[in-house]
Structures are given as structure tokens and as C-alpha cells.
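Enquirer: Next up is a structure, given as C-alpha cells.
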Amino acid sequence: MSKKLKILIVSAEVAPFAKVGGLADVAGALPKSLKAMGHDVRVVMPGYKMIENNPAYNVKSKFKNVEVQLGWRNLSCNINQTTIGKDVPVYLVSAPYFDNSVDSKSVYVAGSEPYAFFAKAVLEMVRQMKPAWKPDVIHCNDWHTGLLPVFKKELYSDDPMVGKAACVFTVHNLAYQGEFDRSILADYGLPESLFNMDQVECHDSVNFLKAGMVFSDLVSTVSPTYAAEIQTCEYGCRLDGLLCYLNEQGRVRGILNGIDYEEFNPATDKRIKANYSADDPKGKAKCKKDLQAAMGLPTDAKVPVMGLVSRLADQKGLDLIKAAMPKMMKLGLQFVVLGTGDAMYEKFFTEMEAKYPTQVKANIGFDLKVAQLIYGGSDTFLMPSRFEPCGLGQLIALRYGTIPVVRSTGGLADTIVDYKEGDPKSNGFVFSQYTPEALLKTVARSVEAFGSKPVWTKLVQTALSSDFSWNASAGHYIDFYTEAMEAEASSAPRYANAA
């Protein structure tokens, strides 16, 4: 492709500055890959105090007192700037809404107004850049940015800086939608006529996620299988009708996430005991021994170690683990958990550690160094998710030669090939039925395979040799952006008869 694009990526969280989930990893890694391809990419996010007060980020002022008219309110913000990597600008919308965000747990703030303000402020920020930088594409992510395409269409369609920019919208998790009372439309200067089933209304609420999808030129999700799943009643979270309609219009894409191969690299990672690679995998055995020792478990190379790094919630299939755990322990494996979330599951894993002190270690909370110890030192990595839009854990595990054990859903189905003897593509163990019995049977298969050194050596080699970097995915995004620009230029209608 010859044309170099100007791309603005809009996200409520961006790694390494503020991370709650996988959205931050995407918003932090994708821009670097796009930049490496020669495109002029920039990122904008809320100006959380945890970023602006951190001297390591070298935050500088970009624009001061940018006016933001939000309905009847005359507001303003400052735009500050830092960078990702060497030269990807990251703009920070600094306003009182985000003053209390001092750590990752406090990134997301309550209510619709902070995100309506953020969306409007992003557009006003771009207008401040004239004539130096005019985006070809504005890439919005998840419900927090859902009003941006609406504002652009309704209030900025004739603006020379943003009116002709293509808008794309990525759904990272359809379950989180941002639903608010219809009165907010008038509050934010939008016509109340938008409150209808074809535009922003969903079950008698203004739905930010729906609004972002309807008013964007194209919509993407973070894996091809998830793009298909969310068009069904089971996974559609009440928006399956809309998504089927958008898909019929040719406006839905599934683009698999990658991971940052600089951040996650067993050959250079200083957080693990020994470095290793596909060419020289010997260091992984040292990492396993170090993990067992650090967790207070017997350091036995012949015992398979299964890792779990996860938000502790039903979505992640923890109800299956809870039901299957006693029989899993009889398989003779060790189980190391890192995560926080539902108090019920935090208590459960703590109790399992007390009951099986030589087999289970529960790390309640999140610690990046411990996470890397688990990725680097485990033999297998468990992800029995009820649904999983993409999943990054299995990709990181593969990068570290740790074999995923997963349920076939979303991105897990797109990335993990079930082990079959002689299949060179096999890189994990997969089950389909959402039952404890199916999970237990698959874990048992992984334990059996671990007992065969030739089989396991081949699986680890396949994992270490796989490529789920952003290189391929970034290329798909460029095609996606180009298609959206063509749709914007054609003045094709973005909405009509949406369910």
C-alpha cells in the first residue's frame, strides 16, 4: 500500500499508562506497529492523574484551555502529551473528571458525562491542530468512546478538520455497553430524535456502544469467531439483531488481536529466571523450577504445573474450575493462580491452597512480575472461558512455550489448535462443551501428553515458533481503515432500519 494514513486511536485505557484489561494492550501496541509500517498514528486518552503526575512519562503541555461546549455547559480542558515507544504521540485530555484516577483500579469513573465530555474534547482537540494534522481515520474503542461518532455526524459534519474523517469502532467486549437515561441527549446538545431503535436507543436507554457502532463507517471485533458469535442470541447481549443487520450491510469485521513481542519476549525478559527461545529452549526448565520455589511448591520437574492468570469472574469459566478442582488435584498436577475479582472465587482459591498446600498456590491480586513467572514457568495455561472476545493470555502463554488448555470460543477458537498426534499445527488442548466434565477430560489429556517427552517437546517448540505479533493484525487494520475511508467518501448511509 502506497498511501500513508493519518490515524487517531481513541481509548479510555492505554498500556503502559493505564491498564485495566486487554483494551489497554491493544491501544498501546497497535499504534507502534502502525508507526513501524510508516503511518502517522497518534493516540488520545483521558488525562488521569496517575499519568500526569508520573515523572517517568515526561508529560508536556500541548494545548491549554481548549473550549468544549457540552450541551448548555461551557467547559474547557488542557491537552497534554507523552509518547509510546520512541515517537508515537499520546495526547491526554486533562479535566477535573479524571482527577481522582490515581491508579488502575480508579481509571473508570461513574456516569455518562465524563465520557461524553471526553468524546467532544477529542474532536475539539483535532480542530486545534489545523492545518498541521488532519486525521484520515478516527478509531474509537468500546462504549466510553461511543458518542464520538455521533457528535461527529450530528455536530461536526461540515467541519474541515474532522467532518470527512472516517470513523471506525472496535468492540472489545460486547457485555459492557454504557446505558443511560434518554435525558442525556438534551444535556449533551444532541437531538432527542436520535432516541429511536435505529440509532441510539436500546431497551429504553441511550446505549453508548450501540451509538458508536451505528454511527461509525465500519465496526470490528477482536477476533473472527467473536464477530460471528455476537450475531447470535447466546452471545449478542441484546444487540445481536443490530449486529446481524450491520453484517448484512458489510460493515462488521473480525480482526484478531496480536501481542507486543517486545514486551513479551522470553529471550530478553528480565522478569523471568532464565531467558530462552525456540532456538534455545533450555532456560524454560529453570523458569519452572524458579516458579515452583517462589510459590512454595515442591520443585519437581516431572510434575506438570498449570497456570491461571485471570480476572476472577464467571466469564472466565471459573465455575467449571471450582466444580472440577477436586478431581483435577487427583491428576497430580500443581496449580498456580494469579488474579482478583469476585470475592467468592478469591475465597475458593485461598481455601484450595489451604487444602492442597503442595499443589495449589493462590496469589490474590495482580503483580506483573508474578504473572511473568507464571507464563514463563508453567507447563500449561488454563482458559476455560464461557466467552472470550479475543484473549491475550493464551497468546502470551504460547510466546513463552506454555501450552494453553482452552474452551473453543471467540479468539481462543481462532488461535488454539487441539492436540492430535502427528498434527504439526497442534499448539494446545481444546474442549467445546461448557461442562466440568469436558474441562476435566481435557486437563487429563494435557497431563497425559506432558508425560511423553517427545510429544511435549514438539508442543513447546510449536508454541515458541508461533507468531501472534501485531505485524499481521496491523496490516488487516490498514485494510480496514482504507475500506472505511472509501465508505465515508461514498456518503453511504450509516444507519437505517437497525434493530
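Enquirer: From the set of residues in segment 177-234 that are in a loop (DSSP other than H, G, I, E, B) and of a type in the set (S, T, N, Q), which is nearest to the chain's Cα centre (by Cα)?
Expert: So in segment 177-234, the residues in a loop (DSSP other than H, G, I, E, B) come out as 177-178, 181-183, 188-191, 195-200, 203-204, 216-217, 222-223, 230-234.
In the following step, the residues that additionally are of a type in the set (S, T, N, Q) were identified as 177, 183, 196, 199, 216, 223, 231-232.
Details: Gln177: 15, Ser183: 31, Asn196: 30, Gln199: 26, Ser216: 20, Ser223: 11, Gln231: 20, Thr232: 21 Å.
If we take residues in segment 177-234 being in a loop (DSSP other than H, G, I, E, B) and of a type in the set (S, T, N, Q), then Ser223 is nearest to the chain's Cα centre (by Cα).
Enquirer: Ok, one more. Looking at Val455, Val430, which is the one that is closer than 30 Å to Met329 by Cα, over 26 Å from the mean Cα position of the chain (by Cα) and assigned by TED's automatic domain parsing to the domain that holds Tyr375?
Expert: Val455
Enquirer: Got a number for residues in segment 396-414 being of a type outside the set (D, E, K, R), surrounded by 23 or more Cβ atoms within 10 Å (Cβ to Cβ) and within 20 Å of Gln315 (Cβ to Cβ)?
Expert: Here is the first cut: in segment 396-414, the residues of a type outside the set (D, E, K, R) are 396-398, 400-406, 408-413.
Now narrow it down to the ones that are surrounded by 23 or more Cβ atoms within 10 Å (Cβ to Cβ): 396-398, 400-406, 409-412.
So of that shortlist, the ones also within 20 Å of Gln315 (Cβ to Cβ) come out as 396-397, 404-406, 409-412.
Number satisfying all stated conditions: 9.
Enquirer: Moving on. With the checklist (1) out of contact with any Phe, Trp or Tyr (no Cβ under 9 Å at 6 or more places or on another chain); (2) assigned to a helix (DSSP H, G or I) in hand, flag the one item Ile374 doesn't pass.
Expert: Ile374 satisfies all of (1) out of contact with any Phe, Trp or Tyr (no Cβ under 9 Å at 6 or more places or on another chain); (2) assigned to a helix (DSSP H, G or I) except (1).
Enquirer: OK, next. Mind checking which residues of segment 115-139 are touching a residue at least 24 places away in the same chain (Cβ under 8 Å) and either surrounded by fewer than 20 Cβ atoms within 10 Å (Cβ to Cβ) or among the acidic types (Asp, Glu) (or both)?
Expert: Taking segment 115-139 first, the residues touching a residue at least 24 places away in the same chain (Cβ under 8 Å) are 115-130, 133-139.
Of everything in segment 115-139, those that are touching a residue at least 24 places away in the same chain (Cβ under 8 Å) and either surrounded by fewer than 20 Cβ atoms within 10 Å (Cβ to Cβ) or among the acidic types (Asp, Glu) (or both) turn out to be Glu124, Arg127, Gln128, Met129, Lys130, Trp133, Lys134, Asp136.
Enquirer: Write out, first by first residue and then by second, each pair whose Cβ atoms fall under 9 Å of each other, whose residues are 6+ apart or on separate chains, and whose first residue, in segment 333-360, is free of Cβ contacts under 8 Å to residues at least 24 places away in the same chain and surrounded by fewer than 17 Cβ atoms within 10 Å (Cβ to Cβ) while the second is assigned to a strand (DSSP E or B) and among the basic types (Lys, Arg).
Expert: none
Enquirer: Among the residues of segment 1-25 satisfying the criterion of being farther than 22 Å from Asn58 by Cβ and free of Cβ contacts under 8 Å to residues at least 40 places away in the same chain, which is surrounded by the most Cβ atoms within 10 Å (Cβ to Cβ)?
Expert: By that ranking, first place goes to Lys4.
Enquirer: Take Asn80 and decide whether it is more than 21 Å from the chain's Cα centre (by Cα), in the same structural domain as Ala18 (by TED's automatic domain parsing) and more than 23 Å from Ala15 (Cα to Cα). Step through it out loud before you land on a result.
Expert: Details: more than 21 Å from the chain's Cα centre (by Cα): yes; in the same structural domain as Ala18 (by TED's automatic domain parsing): yes; more than 23 Å from Ala15 (Cα to Cα): no.
So Asn80 fails the test.
Enquirer: Among the listed residues Leu373, Leu392, identify the single one that is under 24 Å from Asn173 (Cα atoms), of a type in the set (A, V, I, L, M), in contact with an Asp or Glu (Cβ under 8 Å, 6 or more places away or on another chain) and outside the structural domain of Asp25 (by TED's automatic domain parsing).
Expert: Values: Leu373 fails: under 24 Å from Asn173 (Cα atoms).
It is Leu392.
Enquirer: Let me ask something else. Could you please tell me which pairs satisfy a Cβ distance under 8 Å, a separation of 6+ or placement on different chains, a first residue in segment 141-167 that is of a type in the set (Asp, Glu), and a second residue that is part of a loop (DSSP other than H, G, I, E, B)?
Expert: Asp142/Ser11; Asp142/Ala12; Asp142/His172; Asp142/Asn173; Asp142/Tyr176; Glu154/Leu190; Glu154/Pro191
Enquirer: Another question, then. Check Pro55 against each of (1) of a type outside the set (A, V, I, L, M, F, W, C); (2) within 26 Å of Glu262 (Cα to Cα); (3) surrounded by 14 or more Cβ atoms within 10 Å (Cβ to Cβ) and name the one condition it does not meet.
Expert: (3)
Yes/no matrix, rows are residues, columns are (1) closer than 26 Å to Pro149 by Cβ; (2) in contact with a Cys (Cβ under 9 Å, 6 or more places away or on another chain); (3) at pLDDT below 95:
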| residue | (1), (2), (3) |
| --- | --- |
| Lys3 | yes, no, yes |
| Leu8 | yes, no, no |
| Ser11 | yes, yes, no |
| Asp25 | yes, no, yes |
| Val59 | no, no, no |
| Gln69 | yes, no, no |
| Ile79 | yes, no, no |
| Asp87 | no, no, yes |
| Gly111 | yes, no, no |
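Enquirer: Please work out which residue is nearest to Lys355 (Cα to Cα), limiting yourself to segment 290-308 and to residues that are out of contact with any Asp or Glu (no Cβ under 8 Å at 6 or more places or on another chain) and surrounded by 16 or more Cβ atoms within 10 Å (Cβ to Cβ). Outline the logic, then answer.
Expert: Step one: list which residues in segment 290-308 are out of contact with any Asp or Glu (no Cβ under 8 Å at 6 or more places or on another chain), which gives 290-291, 293-303, 307-308.
Subset that is surrounded by 16 or more Cβ atoms within 10 Å (Cβ to Cβ): 290-291, 294-295, 297, 303, 307-308.
Values: Asp290: 23, Leu291: 20, Ala294: 19, Met295: 15, Leu297: 14, Val303: 18, Gly307: 18, Leu308: 18 Å.
Among them, the one singled out is Leu297.
Enquirer: If the requirement is being of a type in the set (Asp, Glu), surrounded by fewer than 24 Cβ atoms within 10 Å (Cβ to Cβ), more than 20 Å from Ala278 (Cβ to Cβ) and under 23 Å from the mean Cα position of the chain (by Cα), which of these qualifies: Asp418, Asp367? Reasoning before the result, please.
Expert: On the way: Asp418 fails: under 23 Å from the mean Cα position of the chain (by Cα).
Sole residue among the options that is of a type in the set (Asp, Glu), surrounded by fewer than 24 Cβ atoms within 10 Å (Cβ to Cβ), more than 20 Å from Ala278 (Cβ to Cβ) and under 23 Å from the mean Cα position of the chain (by Cα): Asp367.
Enquirer: If you go through segment 434-482, how many residues are in contact with a Phe, Trp or Tyr (Cβ under 6 Å, 6 or more places away or on another chain) and closer than 30 Å to Val219 by Cα?
Expert: Result for segment 434-482: 1.
Enquirer: Which of the residues belonging to segment 405-437 are out of contact with any Gly (no Cβ under 8 Å at 6 or more places or on another chain), in contact (Cβ under 8 Å) with a residue 12 or more places away in the chain and polar (S, T, N, Q)?
Expert: Of everything in segment 405-437, those that are out of contact with any Gly (no Cβ under 8 Å at 6 or more places or on another chain), in contact (Cβ under 8 Å) with a residue 12 or more places away in the chain and polar (S, T, N, Q) turn out to be Ser408, Thr409, Ser426, Asn427, Ser432, Thr435.
Enquirer: Looking at Gly428, Gly411, can you tell me which residue is in contact with a Pro (Cβ under 8 Å, 6 or more places away or on another chain) and either under 30 Å from Met37 (Cα atoms) or at pLDDT below 95 (or both)?
Expert: Result: Gly411 is the single residue among Gly428, Gly411 that is in contact with a Pro (Cβ under 8 Å, 6 or more places away or on another chain) and either under 30 Å from Met37 (Cα atoms) or at pLDDT below 95 (or both).
Enquirer: Go through (1) in contact (Cβ under 8 Å) with a residue 12 or more places away in the chain; (2) at negative phi one by one and return the number of the condition Asn65 breaks.
Expert: Of everything listed in (1) in contact (Cβ under 8 Å) with a residue 12 or more places away in the chain; (2) at negative phi, Asn65 misses just condition (2).
Enquirer: What number of residues within segment 1-31 are small (Gly, Ala, Ser), in contact with a strand residue (DSSP E or B) (Cβ under 9 Å, 6 or more places away or on another chain), assigned to a loop (DSSP other than H, G, I, E, B) and under 19 Å from Ser473 (Cβ atoms)? Break it down into steps so the answer makes sense when it comes.
Expert: Here is the first cut: in segment 1-31, the ones small (Gly, Ala, Ser) are 2, 11-12, 15, 18, 21-22, 24, 27-29.
If we keep only those that are in contact with a strand residue (DSSP E or B) (Cβ under 9 Å, 6 or more places away or on another chain) as well, we get 11-12, 15, 18, 24, 27-29.
Filter once more, so that each one left must be assigned to a loop (DSSP other than H, G, I, E, B): 11-12, 15.
Still in the list and also under 19 Å from Ser473 (Cβ atoms): 11, 15.
Number satisfying all stated conditions: 2.
Enquirer: Related question: Please specify each residue of segment 203-218 satisfying the condition of being in contact (Cβ under 8 Å) with a residue 24 or more places away in the chain and surrounded by fewer than 23 Cβ atoms within 10 Å (Cβ to Cβ). Don't jump to the end; show me each part of the working.
Expert: Here is the first cut: in segment 203-218, the residues in contact (Cβ under 8 Å) with a residue 24 or more places away in the chain are 203, 205-218.
Once the filter is applied, which keeps residues that are in contact (Cβ under 8 Å) with a residue 24 or more places away in the chain and surrounded by fewer than 23 Cβ atoms within 10 Å (Cβ to Cβ), segment 203-218 yields His203, Ser205.
Enquirer: Grab the strands (runs of 3 or more DSSP E) fully contained in segment 36-136, keeping just those with 1 or more residues being among the hydroxyl-bearing types (Ser, Thr, Tyr). Even if it seems obvious, please write down each step before you answer.
Expert: Numbers: elements: 40-46, 60-70, 73-84, 88-94.
Answer list for segment 36-136: 60-70, 73-84, 88-94.
The values are calculated or read from the model by the stated rules, or taken from the named source; none is laboratory data. Note that the coordinates shown come from a computational prediction; the quantities given were computed from them, not determined experimentally. Cβ coordinates were reconstructed from backbone atoms using ideal geometry, including for glycine residues, and neighbour counts include every protein chain displayed.
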